[in-house]
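Worksheet for the structure shown next.
The values are calculated or read from the model by the stated rules, or taken from the named source; none is laboratory data. The model shown is predicted, which means the values in this text are computed figures rather than measured ones. Quick reminder, even Gly has a Cβ in these numbers, built from the backbone with ideal geometry, and neighbours come from all protein chains shown. Heads up: the accessible areas ignore ligands, DNA and RNA and are worked out on the full protein's heavy atoms, side chains in. Shrake-Rupley method; radii C 1.70, N 1.55, O 1.52, S 1.80 Å.
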Amino acid sequence: MRLGVLDVGSNTVHLLVVDAHPGAHPWPAHSEKSLLRLAEQIGPDGALTPAGADALVEAVAAARAAADHWQTSDLIAFATSAVRDATNSAAVLARVRAETGVHLQVLSGADEARMTFLAVRRWFGWSAGRLLVLDIGGGSLELAAGVDEEPHLAQSLPLGAGRLTRERLGVTPFTVSPPAAQFVTDLREYVDAQVQTMVPLLQAQGWDRAVGTSKTFRTLARLTGAAPSSAGLWAPRRLTRTGLRQVTGFIRHIPPAELHELEGVSASRGHQLLAGAVVAESVMRQLGIESLDICPWALREGVILRRMAQLELISAGDLGVVTDPAGLRRPG
């Protein structure tokens, strides 16, 4: 069957269309993104601005039209931290549904962590043993650990690369000077304090393999010498703590507006790279991780896998209500 997944994140609205069947690898058929930077459209009162809401409705409508064009039989739509944190999220979600017919489900940070963990578990398989999974998004850092497909621990911290870039470094995509040294020092101290709250819990879980996923980790790995995207999905990629320290020391002296000129750095997220590197370094240092494996699958793939598991239960004859911890349902 053909599934569509619509991911409304802090930076982009991303539609991924895949051909998927229970027990099979989901194969991408189409992908498209709209750069909205919703997190930057949150006003002083904590509400998504009218302009931000207008842009979101337009982007979701376009994504639904594209999903119809690609003949998806199921469209799963969800929103993460930018919409989750907006004080007017209920009104915005109601408007999106009324004007586009798409029912956006808001995922909690813990649900994001669980779905991402499922994707990583399926990618690496049971031979990976106990997994520790780290995901730096635009608005939050997700952490999960466990030995099964459902993590034993799933947590979220407000340490997204975009959030910290705005709130702690005061940087925009057009900033032409590197952030002041004191800003970077203050950021490190803030991140360290937040991460420290999770260290005992994660260490109590233990892990055999530490994994990083998300655009931030992939970009940092690329800057430390990992294979480019042109090498394909299955090329092994790693991020070492030594390489990360070197990259962080280098990029902190580059103006945010110029970071996208580095190979492998996207124009839409380049200015957020330093904050993401600070978060990655803090987690790896405090947990004693010398090297992370990079997983190409993350939240969207986890959502697909969860949906396929639901459909498999239904096809097996369980026609009752399928409980989904994330509350994902087919849009109206």
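In Å², and per residue, what accessible area does the chain have when probed at 1.4 Å with the other protein chains present?
42 Å²
I want the local charge near SER230. Using Cβ-Cβ distances under 14 Å, sum +1 for each Lys or Arg and -1 for each Asp or Glu among the other residues. Spell out each step's value before the answer.
Values: positive: ARG218, ARG222, ARG237; negative: GLU263.
For residues surrounding SER230, the net value is +2.
Which percent of the accessible heavy-atom area of region 119-240 goes to carbon and sulfur, probe 1.4 angstrom?
Carbon-and-sulfur percentage of accessible area, whole number: 53.
Which of the listed residues, LEU132, VAL92, PHE117, is farthest toward the dipole's positive end in the chain, when Lys, Arg count +1 and Asp, Glu count -1 at the beta-carbon?
LEU132
Compute the relative contact order of the chain as a whole-number percentage, counting only Cα pairs closer than 8 Å that sit 6 or more residues apart in sequence.
That works out to 19 percent.
Given the rule -39500 (n - 2.57) for each run of at least 4 DSSP H residues, summed and divided by the residues of the chain, what is its mean residue ellipticity at 222 nm, to the nearest 500 deg cm²/dmol?
So the calculated ellipticity at 222 nm is -12500 deg cm²/dmol.
Does region 6-149 classify as rounded, prolate or oblate by the C-alpha gyration tensor (a ≥ b ≥ c root eigenvalues; a/c under 1.5 gives rounded; else a/b over b/c gives prolate, otherwise oblate)?
oblate
Charges only on Cβ, +1 for Lys and Arg, -1 for Asp and Glu: so what's the dipole of region 234-277 about the Cα centre, in debye to the nearest 20?
Dipole magnitude for region 234-277 comes out near 320 debye.
Give me a comma-separated list of calculated 3J(HN,Hα) values for region 159-164, in order, Karplus coefficients 6.51, -1.76, 1.60 applied at θ = phi - 60°, integers in Hz, x for any Gly or Pro.
Using θ = phi - 60°, the values come out as 10, x, 4, x, 4, 5 Hz.
Between ALA62 and LYS33, what length in nm is gained on full extension when 0.36 nm per residue of separation is reduced by their alpha carbon distance?
Details: separation 29, 0.36 × 29 = 10.44 nm, distance 1.02 nm.
Fully extending the segment from ALA62 to LYS33 adds 9.4 nm.
Over region 18-94, with every protein chain in place, what whole percent of the accessible area is carbon and sulfur at 1.4 Å, could you tell me?
Numbers: 2060 of 3650 Å².
Carbon-and-sulfur percentage of accessible area, whole number: 56.
Run through the DSSP bridge list for the chain and note the antiparallel percent, rounded to the nearest 5.
Rounded to the nearest five, the antiparallel share is 65 percent.
Amide H of SER291 versus every other amide H placed in the peptide plane: which residues, excluding those fewer than 5 positions away on the same chain, fall under 5 Å?
Hits under the 5 Å cutoff: ARG241.
Name the long-range amide H neighbours of LEU75: under 5 Å, sequence gap of 5 or more, or other chain; modelled H, no Pro or chain starts.
Answer set, sorted by chain and number: GLY4.
Taking the Cβ-Cβ separation of SER177 and MET1 as r and a Förster radius of 45 Å, what is the calculated FRET efficiency to the nearest 0.05? Mind showing how you got there, number by number?
Values: r = 51 Å, r/R0 = 1.13.
Working from the Cβ atoms, E equals 0.30.
Based on the Cβ-Cβ distance from ARG285 to ASP148, what FRET efficiency comes out when R0 is 22 Å, to the nearest 0.05?
0.20
Would you tell me the accessible area of SER229, worked out with a 1.4 angstrom probe on the heavy atoms of the protein chains, in Å² to the nearest 10?
Here the accessible area works out near 110 Å².
Which residues make up the longest stretch of the chain that has no chymotrypsin sites (Phe, Trp or Tyr not before Pro) in a DSSP loop with at most 10 other Cβ atoms within 10 Å?
1-173
Could you give me the ³J(HN,Hα) list for region 15-28, computed from phi with Karplus coefficients 6.51, -1.76, 1.60 and θ = phi - 60°, whole Hz, x at Gly and Pro?
Rounded to whole hertz, the list is 9, 10, 10, 10, 9, 9, 9, x, x, 10, 5, x, 9, x.
Roughly how many Å² of ARG209 are accessible to a 1.4 Å probe, to the nearest 10?
So the heavy atoms of ARG209 present about 70 Å² to solvent.
Read phi for every residue in region 41-49 and hand back ³J(HN,Hα) as whole Hz from Karplus 6.51 cos²θ - 1.76 cosθ + 1.60, θ = phi - 60°, with x for Gly and Pro.
Along region 41-49, the couplings run 9, 8, x, x, 7, x, 9, 5, 5 Hz.
Going by amide H atoms built from the backbone, whose H comes under 5 Å of the H on ALA29, apart from near neighbours?
Here the answer is VAL17, VAL18, ASP19, since their amide H atoms fall under 5 Å of that of ALA29.
Which residues among region 45-83 fall inside the zone where the amide N is under 11 Å from a point 7 Å beyond the Cα of ALA90, along Cα→Cβ?
Label zone hits: none.
As an exercise, use a Förster radius of 51 Å and the Cβ-Cβ distance of SER266 and LEU313 to find the FRET efficiency, rounded to the nearest 0.05. Spell out each step's value before the answer.
Values: r = 38 Å, r/R0 = 0.74.
So, using R0 = 51 Å, E works out to roughly 0.85.
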